[in-house]
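The values are calculated or read from the model by the stated rules, or taken from the named source; none is laboratory data. Here the structure is a predicted model, which is why all the values come from computation and not from measurement. Here the Cβ positions follow ideal geometry from the backbone for every residue, glycine too, while neighbour counts run over all protein chains shown.
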Amino acid sequence: MEESHRRQQLFSRLRGLDPHAVIVEHHGRLLSAQWAPYRIDQPTLVYSASKTFTSLAIGCLIDAGQVELDADASAYLQVTNPYHFTIRDLLSMRTGHSDAQLETMPFEVEAFFATKPELPRGTFAYNSQASFVLGAVVRAVTGTDLTEYLRPRILEPLGITACWWGHEGEVEQGYSGFHVSAEDLSKAGQLLLQRGTWNGKQLVSASYISELQQVQVATVSKENPTERAGEINDWAYGYGLQVWRSRHGFRLDGAFGQFALIVPEADLVISYLGATNDAQPTLNALWGYAQPLLEGRNVSKAGEGAGGAVVQLDSWDYRSDYGRTEKCSEVENWTLTPGLPGSGDGWTLHTHGAMSGSVAVGRDEWAHTVLPATPDGHGDRRVFAVDARGEETGNGVLIHCVFATSPHRLIIEADAEHARGWWHTVPLHNGGVGALAVSPEIL
């Protein structure tokens, strides 16, 4: 089967799953595609795929002899550790804290170590707090945050220059909050595929990368909330050192479908960004596309988009597929007037609250707006990057308001007097519109 036909099958399977960008590397680049207004080179919030970058920082510290994988984690932090958690325990989420405990546990180092686990040590529970503590370890050992520590060791060698990590108090989140592009995820996947080498230089030891991808703890009892009878559950193959094992290889994995799939035996890396509340069908689609590669079959690259060319698609064409997950009350005092700011055919959405200003809404194309936001707690400037497009309906104007530096979009019905809005996917961690402000450095 020609690559062009297989590609169209993939795009068809992804319909309704809100794909944003996909890159496939197999003995060179096989596929690059982006769905406007998203781009493969735009840094975006990858949620828990951030955890793997935290793991790479720990790997660098281990290689430098500054941290030991099986050492008592409190050796690097000014806290007591009555339950003897090791760095490996934190990396593999096997501290024994239960889901119920983690639902209420704050992101605080002292609270983590003071909380007696309800489960036997070695039992898996998805533990973002442990990843946060690992970020605190990096800061305590190096005196700098994750991004600055990784920059000369991993990020700059890979050519990842435009990136940004959100904070949790004084510490970069570690468990989430990293903003990188699909291109960047692909590079990180290639680094892992190549056992820590890049352009002939060993950035992270092969021994750590080997340990990272091995099953450290079983997750067979971890049920994907949307698992269906007879369907493979890609969350049941075990957990490594801040990566998930998959039916093939292992992966970086972030909420709503932010992935980098690494299959060393097939020389395959797939990076993907999207926005769905049901990520298993996304993985099914990606694995279906990759099946001939996994079986070692030759794949013809004939057709548009082979090699380095980027296939250009438009998420607007699939607007009827986007579900309205939860109402966004912040939109209710927004209003709409005809005409774009300055000139052009479209509308202007007047926003208030966390994001205040005038958002351009294109009629026949996406209109891009950057609005200032309140500086964060560190005094750093923040902005909202918004792409919006609309069409007239019987209820006024239907608007899709996309925050392309995240997986999130608002679906809005508006007129001159009022607006109603719904999230397609709801920002995590009690986030609303305000949570989607980013550093201008990544635009």
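The condition of being farther than 24 Å from residue 66 by Cβ, buried (at least 23 other Cβ atoms within 10 Å of the Cβ), touching a strand residue (DSSP E or B) at 6+ places or on another chain (Cβ under 9 Å) and among the acidic types (Asp, Glu) holds for residue 253. Out of curiosity, is residue 404 in contact with a Phe, Trp or Tyr (Cβ under 8 Å, 6 or more places away or on another chain), modelled with pLDDT under 95 and of a type outside the set (Val, Ile, Thr)? So residue 404 fails the test.
You will find that of 24, 67, the residue that is crowded, with 20+ Cβ neighbours inside 10 Å, in contact with a Leu (Cβ under 7 Å, 6 or more places away or on another chain) and in a loop (DSSP other than H, G, I, E, B) is 67 and no other.
Filtering the stretch 261-273 to residues that are closer than 19 Å to residue 233 by Cβ and under 12 Å from the mean Cα position of the chain (by Cα) leaves only 272. In this structure, residue 198 does satisfy being in the same structural domain as residue 156 (by TED's automatic domain parsing), in contact with a helix residue (DSSP H, G or I) (Cβ under 9 Å, 6 or more places away or on another chain) and not acidic (Asp, Glu). All told, residue 334 falls short of being in contact (Cβ under 8 Å) with a residue 40 or more places away in the chain, more than 24 Å from residue 164 (Cα to Cα), in contact with an Asp or Glu (Cβ under 6 Å, 6 or more places away or on another chain) and not assigned by TED's automatic domain parsing to the domain that holds residue 278. The condition (being among the charged types (D, E, K, R), more than 21 Å from residue 177 (Cβ to Cβ) and modelled with pLDDT under 95) is satisfied by just one residue among 94, 121: 121. The residue that is nearest to residue 242 (Cα to Cα), among those in the stretch 145-180 that are in a loop (DSSP other than H, G, I, E, B) and of a type in the set (Ser, Thr, Tyr), is 175. Flag: residue 381 matches the condition of being surrounded by fewer than 19 Cβ atoms within 10 Å (Cβ to Cβ), among the basic types (Lys, Arg) and not assigned by TED's automatic domain parsing to the domain that holds residue 166.
Restricting the stretch 143-186 to residues that are in contact with a Lys or Arg (Cβ under 7 Å, 6 or more places away or on another chain) and over 23 Å from residue 261 (Cβ atoms), the residue that is surrounded by the most Cβ atoms within 10 Å (Cβ to Cβ) is 171. Number of residues in the stretch 119-147 that are closer than 21 Å to residue 235 by Cβ and β-branched (Val, Ile, Thr): the value is 1.
Being loosely packed, with under 14 Cβ neighbours inside 10 Å, out of contact with any helix residue (DSSP H, G or I) (no Cβ under 9 Å at 6 or more places or on another chain), in a loop (DSSP other than H, G, I, E, B) and at pLDDT below 90 is a property that does not hold for residue 296.
In the stretch 36-66, the residue that is nearest to residue 185 (Cα to Cα) out of those that are in contact with a Phe, Trp or Tyr (Cβ under 8 Å, 6 or more places away or on another chain) and of a type in the set (Phe, Trp, Tyr) is 53.
Hey, can you tell me all the residues within the stretch 86-103 that are part of a helix (DSSP H, G or I) and either of a type in the set (Lys, Arg) or not assigned by TED's automatic domain parsing to the domain that holds residue 218 (or both)?
Of everything in the stretch 86-103, just one residue is part of a helix (DSSP H, G or I) and either of a type in the set (Lys, Arg) or not assigned by TED's automatic domain parsing to the domain that holds residue 218 (or both), namely 88.
Pairs linking a residue in the stretch 155-168 that is assigned by TED's automatic domain parsing to the domain that holds residue 193 to a residue that is part of a loop (DSSP other than H, G, I, E, B) and aromatic (Phe, Trp, Tyr), with Cβ atoms under 6 Å and 6 or more positions apart or on different chains, are 168/107.
Looking at 140, 125, 136, 75, just one residue is outside any loop (DSSP other than H, G, I, E, B) and farther than 13 Å from residue 174 by Cβ, and that residue is 75. Which one of these does residue 75 not meet: (1) farther than 23 Å from residue 258 by Cβ; (2) at pLDDT 95 or above; (3) among the hydrophobic types (A, V, I, L, M, F, W, C)? For residue 75, the exception is condition (2).
Matching residues to (1) of a type in the set (S, T, N, Q); (2) in contact with a Ser or Thr (Cβ under 8 Å, 6 or more places away or on another chain); (3) touching a residue at least 40 places away in the same chain (Cβ under 8 Å):
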site: 368; (1), (2), (3): no, no, yes
site: 388; (1), (2), (3): no, yes, no
site: 397; (1), (2), (3): no, no, yes
site: 402; (1), (2), (3): no, yes, yes
site: 407; (1), (2), (3): no, yes, yes
site: 419; (1), (2), (3): no, yes, yes
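Close Cβ contacts (under 9 Å, 6 or more residues apart or on different chains) running from residues in the stretch 275-301 that are over 29 Å from residue 403 (Cβ atoms) to residues that are part of a helix (DSSP H, G or I) and acidic (Asp, Glu) comprise 294/265; 299/3; 300/3; 301/3.
Within the stretch 337-378, the set of residues being buried (at least 21 other Cβ atoms within 10 Å of the Cβ), among the aliphatic types (A, V, I, L, M) and closer than 24 Å to residue 314 by Cα comprises 349, 359, 360, 361, 367. For the stretch 384-392, the condition of being buried (at least 19 other Cβ atoms within 10 Å of the Cβ) and more than 22 Å from the chain's Cα centre (by Cα) holds for at least one residue.
Do we find that residue 83 is assigned by TED's automatic domain parsing to the domain that holds residue 138 and under 20 Å from residue 142 (Cα atoms) in this structure? No; evaluated as a whole, the condition is false for this residue.
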